[in-house]
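This report refers to the structure that appears directly beneath it.
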Amino acid sequence: MKQTDQQADEAFREQCRRQLARPLALRIKYGFNRVHKPVLDDAPWRSFDSLAAYRKWCEENLPEYLGFRRAA
């Protein structure tokens, strides 16, 4: 059964109500999700001589879905 927009909105509001009913410690605990970012998390640190060098490295090395591409 496909939800209507109104049903989807109400389901979202109900989910928000349930989340707000949780204690603050649980909301913080479950509010963050650690995700490994390929290439970015593979080295402890990196440094670049210029912003241009950093941008070039990002374009050549990072997957596009991470969002480190220049905006058109």
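At the listed q of 0.11, 0.13, 0.22 Å⁻¹, the Debye profile of the chain, built from one uniform point per Cα, gives log10 I(q)/I(0) equal to -0.59, -0.72, -0.96. Distances between placed amide hydrogens fall under 5 Å for ARG22 paired with no residue 5 or more residues away or on another chain. Here the calculated FRET efficiency for ASN61 and PHE32, from their Cβ-Cβ distance with R0 = 30 Å, stands at 0.70, rounded to the nearest 0.05. When only DSSP loop residues count, what trypsin sites (Lys or Arg not before Pro) in the chain have their Cβ near at most 16 other Cβ atoms within 10 Å? In loop regions of the chain (DSSP not H, G, I, E or B), the sparsely surrounded trypsin sites (Lys or Arg not before Pro) are LYS2, ARG34, ARG46, ARG69, ARG70.
A full extension of the chain between LEU20 and SER50 corresponds to an added length of 6.4 nm, given 0.36 nm per residue minus the alpha carbon distance.
Counted without the sites themselves, the longest stretch of the chain free of chymotrypsin sites (Phe, Trp or Tyr not before Pro) in a DSSP loop having at most 16 other beta carbon atoms within 10 Å is 1-31.
Where a number appears in this text, it was derived from the coordinates with a stated rule and is not lab data. Bear in mind the structure is a predicted one, so any value in this text is a computation, not a measurement. Every residue, glycine among them, receives a Cβ derived from its backbone with ideal geometry; neighbour counts consider all protein chains shown.
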